[in-house]
Amino acid sequence: MTIRVVMAGATGWVGKALIPAIAEQADMKLIGAVSRSAAGQDAGAVVGGPANGVTISSSLTEALATASDVLVDYTKPDVVKDHALLAISKGRHVVIGTSGLGAADYAEIDAAARANRVGVVAAGNFSITATLMKRFALVAAKFVPDVEIIDYASAGKPDAPSGTARELAEALAEVRQASTARPVSKVSGVPGTRGAAVGEGKGVQVHALRLPSYILSCEVLFGLPDERLTIRHDAGSSAAPYVAGTLLAIRRVREITGLVRGLDALLD
């Protein structure tokens, strides 16, 4: 069966890499694409490839008017939730690569997906190495109670922390032991420099750096007396690392009912 895909964020960094990648898959077909800045143009030509006969729509509502199976969203934090809920209401499965959503947003998306009996895969990062960082960190957290995250991204990134760091911190908060560090409420000076606690329960301190020259990096630091473990992921300037993981999610999301967070859930 051919999976019919709609790409929201067609002219974005990842979208430009995904459109030709989808065309190369024997089991997928691009049915629609969304980009206000390129509306009315051919999706293949816009991303620098051969014309593919898919006219870019100015809105997701317009793109979903044609029958499809899966929406892939790589847009912006202020629209991704509405996009997901709209697609779910129309019976589409959804793959979310856009960051900026919190636990309450995901809970609402999960409830809507279950009510409409569709699947949603959301990941802060669809790259394999970022996924492995999360998996290794979750193992380490069972043995080392003290953990903090440093989140690096470009100066212009609109959300903090990144989806990668946020997803990781929320997952670690569910399995970590109690920290031995002095509580932030008892820190003198400028307590805000200790970062922000992310995650329910035993939240993890996250420190977000936003500087020129960074693209996306995430560092997880674990500490015990006289020893330390660092697990780090660095992304380069190409969107290629995210393509394989997104294609995997497109194939697997139809097997799911409700929301699954993190590509690691699909690797076993």
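Since every read-out is calculated from the coordinates, none of them should be taken as a lab result. Owing to the predicted nature of the structure, the values given are computational and were not obtained by experimental measurement. No Cβ is skipped: glycine too gets one built from the backbone with ideal geometry, and neighbour counts run over all protein chains shown.
Which FRET efficiency, nearest 0.05, do residue 105 and residue 61 yield, Cβ-Cβ r, R0 25 Å?
So the FRET efficiency works out to roughly 0.80.
For residue 136 and residue 4, what is the calculated FRET efficiency with R₀ set at 22 Å and r taken between the beta-carbons, to the nearest 0.05?
E(calc), rounded to 0.05, equals 0.05.
With all pairs of different alpha carbon atoms counted, what Kirkwood hydrodynamic radius in Å does the range 199-243 show? Please list the in-between numbers first.
On the way: mean 1/r = 0.0753 Å⁻¹.
Here the Kirkwood hydrodynamic radius works out to 13.3 Å.
Roughly how big is the range 102-242's charge dipole about its Cα centre, with Cβ charges of +1 (Lys, Arg) and -1 (Asp, Glu), in debye to the nearest 20?
The calculation lands at about 100 debye.
Compute the length gained on full extension between residue 240 and residue 214: take 0.36 nm times their separation in residues and subtract their Cα-Cα distance, giving the result in nm to one decimal.
7.6 nm
Give the relative contact order (percent, whole number) for the range 110-268; include only Cα pairs under 8 Å separated by 6+ residues.
40
Along the charge dipole of the chain, pointing to its positive end and built from +1/-1 on Cβ of Lys, Arg, Asp and Glu, which listed residue (266, 246, 112) has its Cα farthest out?
With unit charges placed on the Cβ atoms, the residue in question is 112.
Give me D for the range 100-162 in µm² s⁻¹, whole number, from Stokes-Einstein with Rh from the Kirkwood sum over alpha-carbon pairs, 4 °C and 1.567 mPa s.
90
What length, rounded to one decimal in nm, is gained on full extension from residue 255 through to residue 228, with 0.36 nm per residue of separation minus their alpha-carbon distance?
Between residue 255 and residue 228, full extension yields an extra 5.7 nm.
Taking all pairs of different Cα atoms in the range 1-129, averaging 1/r and flipping that mean, what Kirkwood radius in angstroms comes out?
14.6
Of the peptides 183-195, 56-68, how do they stack up when ordered by the mean number of other Cβ atoms within 10 Å, highest first?
56-68, 183-195
Measuring from label point to label point, each 7 Å out along Cα→Cβ, what is the residue 190 to residue 175 span in nm?
For the pair residue 190/residue 175, the computed spacing is 3.5 nm.
Quick check: the angle from helix 240-252's long axis to the longest principal axis of the chain, C-alpha only, nearest 10 degrees?
70
Does anyone have the angle between helix 163-175 and the longest principal axis of the chain? Alpha-carbon axes, 0 to 90°, nearest 10?
It is inclined by approximately 50 degrees.
Ranked highest first by average number of other Cβ atoms within 10 Å, how do 204-214, 97-107 line up?
Result, highest mean Cβ count within 10 Å first: 97-107, 204-214.
Angle check, please: helix 103-116 long axis (alpha carbons) against the longest principal axis of the chain (alpha carbons), in degrees 0 to 90, nearest 10.
Computed tilt is about 40 degrees.
Find the relative contact order for the range 102-186 and round it to a whole percent, using C-alpha pairs within less than 8 Å whose residues are 6+ positions apart.
35
Give me the lysines in straight-line cross-link reach of residue 29: C-alpha distance below 20 Å, same-chain residues under 8 apart excluded.
16, 90
Candidates [x] 1.06; [y] 1.03; [z] 1.00; which is the computed Rg/Rh (Cα atoms, Kirkwood Rh)?
The listed entry that was calculated here is [z].
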